[in-house]
């Protein structure tokens, strides 16, 4: 396939009126003007900006697709296919579906052990047929060690592609302000705050000492390292927390909640990930550090969808339009940055020899993804592309 008359975002430059040749699933040529004579399928890309296929290393959407309301479940295979379509339409070509390994009070929850096993089993079966390269990001809640044996078994079996270490015990991390946590959760669940407060007291009573909570996490992290998985820490808030996770081999700091923690993680050579919704909205829904503040401080390597995949392209183009970053630097936050953090050296940029993963975006006040291509094959192609 030959794409012509494009605005092409390269790692350190932008080509206007360029062309891209895609062959055998790879980018075979990048041209500043007209490409050499070509007899295959040609697509006129006038008015479109070509960026690398977006890589999302943390998206919580699959759980919500399966259980959109408490106790209301849809088939896993249906949910996977629906999320797959949403991701493709958002310009995402590689995604890590974040699944929670968390000892919840409701065994029938989407986060219950039986459901997690089914999701992983079904996703593994469906993966070869999907539009996107959809992988599994296991979120290990260290305050609930009962889930560790199952997680260890799945890691050893090669069914997990990324591990993150989390501690959502109220009073630290993402929820340092317990009152804010109670208000947020009660509003989210639409329950009386006193009910959440009672849950919090019970949870704090059984959470144990900080180091006790993290003892098993060290063993899980060691197994993940042996399997070559990228390891991230979630919601770093103090220098001590960064020191702890770095000692376990974490190379990614996801959603640090203070600038101090982000700067310490950067000093240790860790990749810093912030939420695209945070960057787009201009603030954290949890009242923690703003992604814009962290970007201004120069400590952000990538953006993640977190809970909304459409925010990835919107945040990148929005940062460039606002003059916060150049277009190549902003696009790198959703492509080259996550690729580097995850060790994916075959994608994340537009260059000869890389996988032909692309998103074609119509720029404007609200950019629109018009087409997404993965390994040279269109996986999303909207009506505006029909006449091209």
Residue 215 paired with residue 382, simple spin-label distance in nm, labels 7 Å along Cα-to-beta-carbon: 5.4
Rounded FRET efficiency, nearest 0.05, which uses the C-beta distance separating residue 72 from residue 362 and R0 of 41 Å: 0.70
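How high is the FRET efficiency from residue 247 to residue 127, r the C-beta distance, R0 45 Å, rounded to 0.05?
0.85
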Value of [θ]222 nm, deg cm²/dmol, for the chain, DSSP H segments ≥ 4, -39500 (n - 2.57) each, nearest 500: -10500 deg cm²/dmol
The chain: most fluctuating residue of 163, 20, 239 per GNM, C-alpha cutoff 10 Å: 239
Pairwise label distance in nanometres, residue 290 with residue 268, each label 7 Å out on the Cα-Cβ vector: 2.8
Segment residue 326-residue 85, length gained on full extension (0.36 nm per residue, minus Cα span): 83.8 nm
Angle between the chain longest axis and helix 193-207 axis [Cα atoms, degrees, rounded to 10]: 80
If the convex hull is drawn through the Cα atoms of region 243-375, its volume per residue in Å³: 115
Part-to-part distance (alpha-carbon centres) for region 27-72 and region 346-370, which is given in Å: 5
Order of 380, 307 - criterion: other Cβ atoms within 10 Å of each residue's Cβ, fewest first: 307, 380
Mean separation of Cα contacts under 8 Å (6+ apart) over length of region 233-302, as relative contact order %: 28
Acute angle (nearest 10 degrees) that the helix 178-189 long axis makes with the longest principal axis of the chain, alpha-carbon atoms: 70
Residue with peak Gaussian network fluctuation, the chain [Cα springs, cutoff 10 Å], from 98, 88, 13: 13
Label point at residue 222 placed 7 Å out along Cα→Cβ; residues across region 244-260 whose backbone nitrogen lies under 19 Å: 244-251
Over the chain, volume per residue of the alpha carbon convex hull, in Å³: 134
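Note down the relative contact order for the chain as a percent, whole number, built from C-alpha pairs under 8 angstrom at least six residues apart.
Values: 833 pairs, mean separation 81.5, N = 388.
For the chain, the relative contact order is 21 percent.
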DSSP beta bridge pairing in the chain, given as percent antiparallel to the nearest 5: 45
Helix 311-321 axis, angle to the chain major axis (alpha carbon atoms, nearest 10°): 60
Calculated FRET value between residue 13 and residue 46, using beta carbons and R₀ = 22 Å, to 0.05: 0.65
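Since every read-out is calculated from the coordinates, none of them should be taken as a lab result. Keep in mind the model is a prediction, meaning the values are calculated, not measured. Note: ideal-geometry Cβ built from the backbone for every residue, glycine included; neighbour counts use all protein chains shown.
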